[in-house]
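Contents: one structure, followed by commentary.
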Amino acid sequence: AQKITQTQPGMFVQEKEAVTLDCTYDTSDQSYGLFWYKQPSSGEMIFLIYQGSYDEQNATEGRYSLNFQKARKSANLVISASQLGDSAMYFCAMREPLLGAGNMLTFGGGTRLMVKP
Amino acid sequence: NAGVMQNPRHLVRRRGQEARLRCSPMKGHSHVYWYRQLPEEGLKFMVYLQKENIIDESGMPKERFSAEFPKEGPSILRIQQVVRGDSAAYFCASSPVAGGHNEQFFGPGTRLTVL
């Protein structure tokens, strides 16, 4: 079963407008973490924002904010004032414990965001 | 402070050859993770290593794939007798600790193409 679901394969947004990228997750753990990464066409994975399951406030980092709704198991990324350089793939990920020790990240399928001038 | 280094950035192999992918974690990081990204998909966990130990390899294919993180030198992901389906981007990530927030810092990836 999908643990991280990103239902929007592609989205357009007008430059300078805000956009919300959806992410829902499935876990029975009480303690978990949610991440968003940006992958531009050059291919690297750029960390954007993190939300811990016990964090009471929604995480914010500059123009990025995470709309965390724990009861609905959603962790949507909001990008304000979109810029042309925001055009990229965006991945939502959840930190999951490994059986032995440590954690791994489980990624969604991604959303391709295209910013129109 | 240099980030996670991976080399080569691009690797082309013919079917049946071996591919060796290298990853140097960030300074001070002793935990290394390998992920694979097939075209148009998200990253999928392969293996988690600490120095000289494989901690979890639950995402690693059972045959042809192996990983190591020796006491000295980079972590190596080795793919023997490559097939076309191995064509993908392989990312390495490192973290300073195993638990907690432990943000994983990603390298730029190695793009493997099997002809």
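The values are calculated or read from the model by the stated rules, or taken from the named source; none is laboratory data. Since the model is a prediction, treat every value here as computed from it, not as a measurement. Reconstructed Cβ throughout: ideal geometry from the backbone, glycine too, with neighbour counts over all protein chains shown. Quick note on the areas: whole protein, heavy atoms, side chains included, nothing else; ligands and nucleic acids left out. Shrake-Rupley method; radii C 1.70, N 1.55, O 1.52, S 1.80 Å.
Per-residue answers, yes or no, for (1) part of a strand (DSSP E or B); (2) in contact with a helix residue (DSSP H, G or I) (Cβ under 9 Å, 6 or more places away or on another chain); (3) open to solvent by less than 70 Å² (accessible area, probe 1.4 Å):
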{"position": "A:Thr20", "(1), (2), (3)": "yes, no, yes"}
{"position": "A:Gln30", "(1), (2), (3)": "no, no, no"}
{"position": "A:Leu34", "(1), (2), (3)": "yes, no, yes"}
{"position": "A:Tyr37", "(1), (2), (3)": "yes, no, yes"}
{"position": "A:Gly43", "(1), (2), (3)": "no, no, yes"}
{"position": "A:Phe47", "(1), (2), (3)": "yes, no, yes"}
{"position": "A:Asn58", "(1), (2), (3)": "no, no, no"}
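With respect to the conditions (1) crowded, with 18+ Cβ neighbours inside 10 Å; (2) within 11 Å of chain A (Cβ to nearest Cβ); (3) of a type outside the set (A, V, I, L, M), B:Phe69 lacks only one, and its number is (2).
Considering region A:60-106, the residues that are charged (D, E, K, R) and open to solvent by 50 Å² or more (accessible area, probe 1.4 Å) include one that is farthest from A:Ser28 (Cα to Cα), namely A:Arg63. Each residue in region A:1-20 was checked for being without any contact (Cβ under 8 Å) to a residue 40 or more places away in the chain and among the hydroxyl-bearing types (Ser, Thr, Tyr), and 1 of them qualify.
Every listed requirement among (1) at pLDDT below 90; (2) under 20 Å from B:Ala93 (Cβ atoms) is met by A:Ser31 save one, (2). Residues that are away from every other protein chain (no Cβ under 14 Å), more than 14 Å from the chain's Cα centre (by Cα) and more than 26 Å from A:Leu48 (Cβ to Cβ) occur in region B:85-106; there is at least one.
Elements of the type strands (runs of 3 or more DSSP E) sitting completely within region A:70-117 and holding at least 1 residues that are more than 24 Å from B:Phe105 (Cβ to Cβ) and more than 8 Å from chain B (Cβ to nearest Cβ): these cover A:74-79, A:111-116. Taken over region B:91-105, the criterion of being open to solvent by 30 Å² or more (accessible area, probe 1.4 Å) and either under 15 Å from A:Ala93 (Cβ atoms) or at pLDDT 95 or above (or both) is satisfied by B:His101, B:Glu103, B:Phe105. Would you check if B:Leu43 is over 17 Å from B:Ser24 (Cα atoms), within 14 Å of chain A (Cβ to nearest Cβ) and open to solvent by less than 40 Å² (accessible area, probe 1.4 Å)? Answer is yes for this residue.
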